[in-house]
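Since the structure comes first, as structure tokens, the remarks are kept for the end.
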């Protein structure tokens, strides 16, 4: 640590960042709470306490149970397969196969492309009449296929989950790959010398090392998928018949289609509590205190 | 040894197959962007284009009027990226080199910010932007885009400064240089890869951001590329060959930036997630 400098220098250096973080993260937390207990107008202005009416209205809304179930299905439906696939790809990329650098870049490229663009492409690919996906299945099955992927309630959820999985894989794979590559080489070699097979080596030596990284990646993904907006919004807009409506898409409609900011505030606050609970769990698990 | 080689060949093929599967949307985009309108609307869809029609890439400018969206995206992303660098550089340096009251709280706030979701605070930021009278201006996007890029950027600067020996700063201080001077004249050149990385990170995040851009901007001529292209999907007469050509066009800038710094960026993102 530096000493002997003017004591206020670090405060000046941090002031702009602190101001912006307070404006965009700090104020909103209190604002959400205040709004959720208030009567609001169309511009979202607060007009006095309204006796928990927003919460009563929210809990009386039959949609709440629909979006709760959908959000859990969506989150776990993306998280579990994406984690398994990513682990598998990370192990393959860790095997020193030819072309691994190029592969690594290709796996990570979707991160640099807008989720909206990728989702638009998938929306086209799933198109019932002109979509390439039905055409592909038609070639494989050797008969015309016309599945209405995004217009059938049960298939729509499956389709958006698939896109969610493909967009979760890049980041997860790279985190897991970094975890695998941070395992000291001597330990792996010692395992080989003791005659451990590839599978056994993974179970007994690599996996214990990878576990903390896996926990962190899973929690980061859990938050991101739970709150993911553009994929579902672009592909189905929450439809058909609310079959893909989740927490963020429903929240968006309450606020910006119905202009019921009080109710949206109440739903935001519930989301915030879920978010903070997971975050506290996350910070405790990953032991970030030691980093600094 | 023979068995080992066979195994490697097998796993290489599996890896190629998976990466191929993940590249499906990229192939579809490129394929459709060179098809003719007639070919796009034949059933079933073709998997190899009958002819390569690069004229789509010129026609999108007349048909979709992308210039205003391109201008908006460039202004918003460049401003956000510059602001992110200017704000996170001194903050990251101060957090790395000074022990002061409130340091821990600020560090935890930054960690918390990494986990914040735009959706949950969207309504409140909407109210803040509205009260500040910034609705439907570029500032309505530049402010939240910068704020959401800050946690990761400050963290990365902190890590880069920590990797630089503190003796450099100390000897400069003994020679009478102020901390501001040390930061901009001595540390900045040393951690340039880190600075370029956060610039690109903030740029890509801002360029691709949809939720705020779709909510805070209502004038057509101020809308950014993702919002503009999203709206064309809703419009019934959209022709996919123009849509996909536009997406390729809108993705090339971020893709080039990404490829230029991918080594540092991947390293930073990965260690950021693993550690904090």
The number of residues in the stretch A:46-66 that are farther than 17 Å from residue A:258 by Cα, in contact (Cβ under 8 Å) with a residue 24 or more places away in the chain and in a helix (DSSP H, G or I) is 1
The residue from A:244, A:152 that alone is in contact with a helix residue (DSSP H, G or I) (Cβ under 7 Å, 6 or more places away or on another chain) and in contact (Cβ under 8 Å) with a residue 60 or more places away in the chain is A:244
Counting only residues in the stretch B:66-118 that are within 30 Å of residue B:231 (Cβ to Cβ) and outside any helix (DSSP H, G or I), the one nearest to the other protein chains (Cβ to nearest Cβ) is identified as B:117
(Q) On the basis of being in contact (Cβ under 8 Å) with a residue 60 or more places away in the chain, surrounded by fewer than 23 Cβ atoms within 10 Å (Cβ to Cβ) and more than 26 Å from residue A:7 (Cα to Cα), does residue B:125 make the cut? (A) no
Given (1) surrounded by 15 or more Cβ atoms within 10 Å (Cβ to Cβ); (2) touching a residue at least 40 places away in the same chain (Cβ under 8 Å), residue A:23 misses just (2)
| Can you find even one residue in the stretch B:123-134 that is under 18 Å from residue B:81 (Cβ atoms) and assigned to a helix (DSSP H, G or I)? | no
When (1) within 9 Å of chain A (Cβ to nearest Cβ); (2) over 15 Å from residue B:56 (Cα atoms); (3) at pLDDT 85 or above are applied to residue B:224, the one that fails is (1)
*out of contact with any strand residue (DSSP E or B) (no Cβ under 8 Å at 6 or more places or on another chain), assigned to a helix (DSSP H, G or I), more than 12 Å from every other protein chain (Cβ to nearest Cβ) and under 26 Å from residue A:253 (Cα atoms) - does that describe any residue in the stretch B:198-209?*
no
Exception for residue B:245 within (1) within 9 Å of chain A (Cβ to nearest Cβ); (2) more than 19 Å from the chain's Cα centre (by Cα); (3) buried (at least 24 other Cβ atoms within 10 Å of the Cβ) falls at (1)
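Each row is one residue, and each column tells you yes or no for (1) more than 8 Å from chain B (Cβ to nearest Cβ); (2) part of a helix (DSSP H, G or I); (3) surrounded by fewer than 20 Cβ atoms within 10 Å (Cβ to Cβ).
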site	(1), (2), (3)
A:105	no, yes, yes
A:110	no, yes, no
A:116	no, yes, no
A:119	yes, yes, no
A:122	no, yes, no
A:129	no, no, yes
A:138	no, yes, yes
Of A:261, A:269, A:229, A:247, the only residue that is in contact with a strand residue (DSSP E or B) (Cβ under 7 Å, 6 or more places away or on another chain), buried (at least 16 other Cβ atoms within 10 Å of the Cβ), modelled with pLDDT of 75 or more and facing chain B (nearest Cβ under 10 Å) is A:261
Any residue that is buried (at least 16 other Cβ atoms within 10 Å of the Cβ), more than 17 Å from residue A:132 (Cβ to Cβ) and over 27 Å from the mean Cα position of the chain (by Cα) - is there at least one of those in the stretch B:5-14?
yes
Exactly one of A:223, A:201 is within 11 Å of another protein chain (Cβ to nearest Cβ) and touching a residue at least 12 places away in the same chain (Cβ under 8 Å), and that residue is A:223
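Okay, residues lined up against (1) crowded, with 18+ Cβ neighbours inside 10 Å; (2) at the interface with chain B (Cβ under 10 Å from one of its Cβ atoms):
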| residue | (1), (2) |
| --- | --- |
| A:157 | yes, no |
| A:161 | yes, no |
| A:170 | yes, yes |
| A:211 | no, no |
| A:215 | no, no |
| A:255 | yes, yes |
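Quick grid of which residues meet (1) modelled with pLDDT of 90 or more; (2) crowded, with 19+ Cβ neighbours inside 10 Å; (3) more than 20 Å from the chain's Cα centre (by Cα):
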{"site": "B:105", "(1), (2), (3)": "no, no, yes"}
{"site": "B:111", "(1), (2), (3)": "no, yes, no"}
{"site": "B:116", "(1), (2), (3)": "no, yes, no"}
{"site": "B:139", "(1), (2), (3)": "yes, no, no"}
{"site": "B:143", "(1), (2), (3)": "yes, yes, no"}
Those residues of the stretch B:17-65 that are more than 27 Å from the chain's Cα centre (by Cα), in a loop (DSSP other than H, G, I, E, B) and farther than 30 Å from residue A:165 by Cα come to a total of 7
Checked against (1) assigned to a helix (DSSP H, G or I); (2) over 19 Å from residue A:126 (Cβ atoms), residue A:258 satisfies every condition except (1)
The residue that is nearest to residue A:9 (Cα to Cα), considering only those in the stretch B:79-99 that are out of contact with any helix residue (DSSP H, G or I) (no Cβ under 7 Å at 6 or more places or on another chain) and modelled with pLDDT of 95 or more, is B:86
Of A:71, A:75, the only residue that is within 13 Å of chain B (Cβ to nearest Cβ), surrounded by 20 or more Cβ atoms within 10 Å (Cβ to Cβ) and within 30 Å of residue A:39 (Cα to Cα) is A:71
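The values are calculated or read from the model by the stated rules, or taken from the named source; none is laboratory data. Being a predicted model, the structure only gives us computed values, none of them experimental. Every residue, glycine among them, receives a Cβ derived from its backbone with ideal geometry; neighbour counts consider all protein chains shown.
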